[in-house]
Amino acid sequence: MASLRRRDRRAAHGGGQLSAIATVKAAPGLDAYLEELEERLVEAVAARPGLVGEIGAEALASGGKRLRPLLVFLTASPGADPLAAGTAIELVHMASLVHDDLIDGAELRRGRASVWSAYGPDAARAGGVYLFARAFAELAATGDARAVAILADAALALVRGEGLERGQRRRPDTTVEEYLTRCTLKTAKLFEAACLIASGRPELGEFGLALGVAFQIVDDCLDCAGQTVETGKIAGTDLREGIPTLPLLLAAREDPVVRDALAGGSLEGALLRVAAGGAIEEARRVARDYVDRARACLDGIETREELDAIADAVVERTA
């Protein structure tokens with residue numbers, strides 16, 4: 001019955017990612033919020049002149065969906081001001097991308113030169129720390145200790161998740177459970193914070209956590225599908241770096257060529273075998289299961305239609 005309701009709702013909206021995005025964009029007050037958010041982000045990164053401010057501006061110029069601040073807006077309790085929280089959440093996300101690119105040696109970020117490749121590793125480290133600091137400055141200025149604690153917990157989870165990824169590299173025997181734990185820490189905890197920080201509602205935090213896992217699984221599927229993902233990185237990056245993602249782990253169970261490639265062996269033909277063997281479709285089914293878990297948390301939520309639409313966009317995206 002639930003799946004029939006989802007199909008009926010998608011049909012009513014025309015189906016697909018574009019209709020989901022249209023539903024979200026129709027939310028009252030959203031345009032003004034996003035405009036103010038961009039202004040606030042520009043002010044935040046420009047707070048300290050010099051190299052770190054320049055790096056912050058460059059990280060901001062690379063763009064992005066602003067999905068996490070959007071979640072802050074749609075989950076904020078009546079009377080709450082989501083702007084400071086949305087700004088802080090996005091600054092933490094930007095900081096994590098600067099450091100991730102440095103750790104991964106990624107030279108591109110959304111089609112532009114990554115910070116470390118443009119400014120050097122030491123500058124990228126400093127710039128990422130600066131963005132983290134600016135994030136907490138935004139929240140500290142509100143005097144909301146609870147919000148600061150939520151964001152601090154998410155930032156700590158990012159670090160722990162990165163540590164897990166270091167330990168899992170070139171390990172094709174990584175379990176799915178270990179992978180999902182990494183997804184939760186590296187990605188989903190910041191989604192959880194975005195949904196909790198201006199609402200204070202645990203059920204919305206649970207929605208964000210499940211949605212974040214689904215988002216990461218889909219991201220990992222896109223990396224295997226022979227497409228250039230929204231980050232601007234070349235498809236197949238995870239396999240080349242030996243990062244055990246869900247589609248790669250599922251493929252490695254059945255295909256010794258993929259398993260050897262994930263362990264650091266020859267990459268010849270391995271990515272094509274992942275795409276041809278059904279692992280990507282199986283991983284996307286897991287992502288849809290997590291989206292269903294997320295939707296189960298939305299009973300009685302005033303912005304359920306918009307949050308449902310975001311869930312659709314996350315699981316259906318192709319870039």
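The values are calculated or read from the model by the stated rules, or taken from the named source; none is laboratory data. All of these numbers come straight from a predicted model, not from anything done at the bench. Here Cβ is always computed from backbone atoms with ideal geometry, including for glycine, and neighbour counts include all displayed protein chains. What goes into the accessible areas is simple: the full protein's heavy atoms, side chains included, and nothing from ligands, DNA or RNA. Shrake-Rupley method; radii C 1.70, N 1.55, O 1.52, S 1.80 Å.
Quick notes
- Yes/no for Asp219 being under 18 Å from the mean Cα position of the chain (by Cα), open to solvent by 10 Å² or more (accessible area, probe 1.4 Å) and at pLDDT 90 or above: yes
- The stretch 144-166: number of residues that are open to solvent by 30 Å² or more (accessible area, probe 1.4 Å), farther than 22 Å from Val218 by Cα and not β-branched (Val, Ile, Thr): 7
- All positions within the stretch 126-143 that are surrounded by fewer than 16 Cβ atoms within 10 Å (Cβ to Cβ) and not aliphatic (A, V, I, L, M): Thr142, Gly143
Conditions (1) touching a helix residue (DSSP H, G or I) at 6+ places or on another chain (Cβ under 9 Å); (2) at pLDDT below 95, marked per residue:
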position: Gly232; (1), (2): no, yes
position: Val291; (1), (2): yes, no
position: Leu307; (1), (2): yes, no
position: Asp312; (1), (2): yes, yes
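- Residue pairs meeting the criteria (Cβ under 8 Å; at least 6 apart or on separate chains; first within 15 Å of Ile55 (Cα to Cα), in the stretch 99-122; second of a type in the set (Val, Ile, Thr) and at pLDDT 90 or above): Asp101/Val115; Leu102/Val115; Arg109/Val115; Ser114/Val98; Val115/Ile55; Val115/Val98; Trp116/Val98; Tyr119/Ile55
- Cβ-Cβ under 9 Å pairs, at least 6 apart or on other chains, the stretch 191-202 side modelled with pLDDT of 95 or more and open to solvent by less than 10 Å² (accessible area, probe 1.4 Å), far side in a loop (DSSP other than H, G, I, E, B) and among the charged types (D, E, K, R): Cys195/Arg201; Ile197/Asp144
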